[in-house]
Amino acid sequence: MSLPRFYPWHEEAARAWLGQEQRRRFAHAWLIHGLAGIGKVEFARAAAASLLCESPQDGMACGHCPACTWYASGNHPDFRRVRPEAVALAEGQAEEGDEEEATDADGKKAGKRAPSREIRIEQIRALESWANTGTHRGGLRVVVLYPAETLNTISANGLLKILEEPPPQTVFLLVSDAPDRLLPTLVSRCRRLPLGTPAPGPALAWLEEQGVQDAAAQLAAAGGAPVAAWRRAEAGVPPRAPWLDAFVTALAQGKPPDLGQIVDALDKIPAAEWIDALQRLATDVALAQAGIGARYFPELAPHSAKIGERAERSRVAELSRWLTRQRRIADHPLNARLFAQDVLAQASAACLGRRPARAAQT
Ligand SMILES: [Zn+2]
């Protein structure tokens, strides 16, 4: 395992943030937030390496000192990473500095219980006892916690209690896509570090370096988030799914799409993913109505403009909000096909300026 590095589009912000001058007044808790898929977790992990490094250069980890070596091999005693079991499993393995709860969550020891999607209070308690013993190397202790919005009420309050009386020499780096979903009192204990969406230039250059085909279309489909675009490409997701083309083409012609066929195609795609695509389409339609170019599917721009001419603005806006609510329940619909049918019917009706044939579930 190697030392985590900052993505090229984050290097400048990282240097400014971690430079010597800044470090003297470094806050003990930070909330790192920004668009999903721009590499915030990697940023926090690289920052942790830099903070733990015993001979940082220009604020950055040197890569050679004992601290860097331990960190790279996953053994730095003054580092902890806290994330839900489900996230740890999705990442493939328990790596450096995992709290014990997650280390034994490899499915076997966790028994039949489904891996938790939340950061549990036990994980916060383990952190508390760790933070209350002396540091092993006499430097800083660093905690990287993500996604912070998976803290439930109990664990968020547990963390709040720790941050209210911060343990000495300890830096908490909380990472979140959705800071508005965090406990406000917790947010008020943190300094905010917003990370912007990278400029297309460096993002594209990086994607091309990774060998991503059709990098520009993938980046657009991911809303400008390069890491998300890379993951899509790695998973073999085309920038535009054929079902979306079929859906949009029919709507642009003012015809109801063949929902049955599309529902079949959606069967193999996670609901969150195709709802995201519909939401991006709704955004492109709304942008076209405002006379602005497509953001997500530039190649479908003539179609989204046609849809925009027909659809009422208020219904497109309403569709967007409604899709956000569907996104939240998308992980566990009662009947996946019926759910897909409903969502598509609603989206189609809004785009065609018609009443939906069938009322949606929520
Ligand atoms: Zn070092």
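The values are calculated or read from the model by the stated rules, or taken from the named source; none is laboratory data. Nothing here was measured: the structure is a model prediction, and the numbers come from that model. Note: ideal-geometry Cβ built from the backbone for every residue, glycine included; neighbour counts use all protein chains shown.
Structure notes:
- Figure legend. Inter-residue proximity from the range 324-338: first residues over 18 Å from Ala282 (Cα atoms) and free of Cβ contacts under 8 Å to residues at least 12 places away in the same chain, second residues part of a helix (DSSP H, G or I) and of a type in the set (D, E, K, R), beta-carbon distance below 7 Å, spacing 6+ or different chains. No pairs are indicated.
- Qualifying residue in the range 229-238 (condition: basic (Lys, Arg) and not in a helix (DSSP H, G or I)): no
- Of residues in the range 153-189 being of a type in the set (S, T, N, Q) and more than 22 Å from the chain's Cα centre (by Cα), the one farthest from His28 (Cα to Cα): Asn157
- Of all residues in the range 290-311, those that are outside any helix (DSSP H, G or I), in contact with an Asp or Glu (Cβ under 9 Å, 6 or more places away or on another chain) and either of a type in the set (D, E, K, R) or farther than 18 Å from Ala222 by Cα (or both) total 1.
- Restricted to the range 1-69, the set of helices (runs of 4 or more DSSP H) holding at least 2 residues that are under 21 Å from Ser176 (Cβ atoms) and away from the ligand (no atom under 13 Å from the Cβ) comprises 11-18, 40-52.
- Only one of Arg137, Arg141, Arg181 that is in contact with a strand residue (DSSP E or B) (Cβ under 7 Å, 6 or more places away or on another chain) and of a type in the set (D, E, K, R): Arg141
- Matching residues, the range 111-151, being at pLDDT 95 or above and part of a loop (DSSP other than H, G, I, E, B): Glu118, Arg120, Tyr146, Pro147
- Extreme residue, farthest from Cys65 (Cα to Cα), among residues of the range 125-143 that are under 30 Å from the mean Cα position of the chain (by Cα) and in contact (Cβ under 8 Å) with a residue 60 or more places away in the chain: Val143
- Qualifying residues in the range 157-177 (those that are surrounded by fewer than 20 Cβ atoms within 10 Å (Cβ to Cβ) and free of Cβ contacts under 8 Å to residues at least 40 places away in the same chain) - the one nearest to His33 (Cα to Cα): Leu160
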